[in-house]
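*Asks:* Quick one: this structure, given as structure tokens, is what I'll be asking you about.
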Amino acid sequence: MSPKVYADLTSLAKTKTKLANPPGFNPQSSSTSNASTHQRADDSALRASKAWEIAIAPGKSLPMQAFMAWMSGTSVSIFSILITGMILMTPAKGLLSVQQTFSPIERVKGAKVDLSMQKLVFVAINVAGILFGIYRLSIMGLLPTTTSDWLAFIPAKQHLEHSV
């Protein structure tokens, strides 16, 4: 005769015992209407939290851009111009796509979430990135900020007398 390797669980299925509710469980609070309201509140909070993550994301790249700008130096070379172009273009693209960036969060059905503050922070961080790029152009001497940069537009002085 071979040994019995498995247990016979058919006898356990016939006797159903009523288990007590776990501590802290209230059967009246688990109705479907309360659960759906609670789920909508959790969904709104989750969407607002995700919107804040999206709003702050451009600020996380600013330190790396500053380090890359420092490493490229202030001389006018192709590498430093490309880095400065990247510093200017990344926030500009972000400013042009604010609605597209936040549209996945706004288009979800359910409770309406006000994302105006998150969008304002997103725009402010991108404007700070553009200002950093303009500062970088100024340091490199590529912005016309001195009077000598505008000499071509100053009319030549007409002399009244000429000496021969």
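*Asks:* How many nm is it between the label spots at Ser61 and Thr74, if each spot is 7 Å from the Cα in line with the beta carbon?
*Replies:* 2.6 nm
*Asks:* Between Gln99 and Lys18, what FRET efficiency follows from the Cβ-Cβ distance if R0 is 35 Å, with the result rounded to 0.05?
*Replies:* Step by step, r from the Cβ atoms, then E = 0.05.
*Asks:* I've got another one for you. Which FRET efficiency value, to the nearest 0.05, is calculated for Met89 and Trp150 with the Förster distance at 30 angstrom and r the Cβ-Cβ distance?
*Replies:* About 0.65, to the nearest 0.05.
*Asks:* Compare Thr74, Thr147 by solvent-accessible area with a 1.4 Å probe and give them largest first, with all protein chains kept in place.
*Replies:* Details: Thr74 80, Thr147 115 Å².
The ordering from most to least exposed comes out as Thr147, Thr74.
*Asks:* For the residue pair Ile81 and Tyr135, what label-to-label distance in nm results when each label sits 7 Å from Cα along the Cα-to-beta-carbon direction?
*Replies:* Distance between label points: 2.4 nm.
*Asks:* Order the following by accessible area, largest value first: Ile54, Ile134. Probe radius 1.4 Å; ligands, DNA and RNA are ignored. Intermediate values should be presented prior to the final figure.
*Replies:* Working: Ile54 40, Ile134 75 Å².
Per-residue accessible area, sorted high to low, gives Ile134, Ile54.
*Asks:* Computed on alpha carbon atoms, what radius of gyration and Dmax characterise the stretch 76-164, expressed in Å?
*Replies:* Using the Cα atoms of the stretch 76-164, the pair Rg, Dmax is 23.0, 89 Å.
The values are calculated or read from the model by the stated rules, or taken from the named source; none is laboratory data. As the structure is a computational prediction, the values presented were derived from the model and not from experiment. All Cβ positions, glycine included, derive from the backbone under ideal geometry; neighbour counts span all protein chains shown. To get the accessible areas, we keep the full protein, side chains included, count just its heavy atoms, and leave off ligands, DNA and RNA. Shrake-Rupley method; radii C 1.70, N 1.55, O 1.52, S 1.80 Å.
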